[in-house]
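Trainee: What follows is a structure written as structure tokens; I'll ask about it next.
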Amino acid sequence: MKNFYKYANKILFYSFLIFSIILILFDIGPTSLVIKAFGSFLVSGTLNILLKKLQIFGKGEYYFWINVFLWANMLGEIRLFYYNLTFFDKIIHLCTGILIAAIIYKYLQVNSNNNKYIAFLTVLGLVAIWEIYEYFIYAFFDHQLIGVTNNRKLIMPAYEDTIWDLIFDGIGAMLYLIFKREKIGDKIKKLVNR
């Protein structure tokens with residue numbers, strides 16, 4: 001399985017760059033899509049380095065899911081999902097809440113205590129930063145990342161979409177942290193070390 005993650009991650013990572021170049025060379029799509037594709041390439045590379053530096057890279061499974069969600073987000077921006085499936089954004093936020101909680105919890109297990117409250121609050125902080133990023137993309141590039149539309153009709157205004165995004169990220173984090181089960185060996189070690 002380690003080889004699967006290794007090769008899949010390379011393919012997903014470099015495909016962001018290739019997609020960016022194709023968008024530029026063939027003048028396909030808006031400039032904001034090129035920025036998003038190249039930004040996903042940079043975010044993916046940065047998170048790869050960060051996961052390795054924090055010693056939570058493992059077999060590459062977290063990095064694989066990060067790339068999958070970045071691509072899901074990208075496909076949504078190509079109007080395959082976000083504009084036709086109004087609930088797609090909320091599914092992405094629920095799943096990313098779970099993924100971020102898993103990564104933060106793993107980091108806390110490796111480097112300090114595995115406090116689920118700290119993990120939950122960290123997830124909320126990170127997704128709040130993401131929502132601020134979405135607002136700035138909208139404000140400076142006039143690319144709508146906030147608000148829910150269907151066939152160009154506004155279904156949910158920007159502020160309401162942001163609140164629901166935070167709620168779904170929080171629900172995803174709570175689901176992971178509530179149902180996260182520690183290994184029996186880890187529980188025994190904790191009891192012995194008290």
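The values are calculated or read from the model by the stated rules, or taken from the named source; none is laboratory data. The structure presented is a predicted model; accordingly, all values stated were derived computationally and were not measured. Note: accessible area is taken over every heavy atom of the protein model, side chains too, but ligands, DNA and RNA are not part of it. Shrake-Rupley method; radii C 1.70, N 1.55, O 1.52, S 1.80 Å.
Trainee: Taking θ as phi - 60°, what are the ³J(HN,Hα) couplings along the stretch 161-176 by the Karplus curve (6.51, -1.76, 1.60), each to the nearest whole Hz, with x for Gly and Pro?
Mentor: Those phi angles translate into 4, 4, 4, 5, 4, 4, 5, 5, 4, x, 5, x, 4, 4, 4, 5 Hz.
Trainee: Could you check how much of the accessible area of the stretch 1-130 is carbon and sulfur, as a whole percent, using a 1.4 Å probe?
Mentor: Carbon-and-sulfur percentage of accessible area, whole number: 72.
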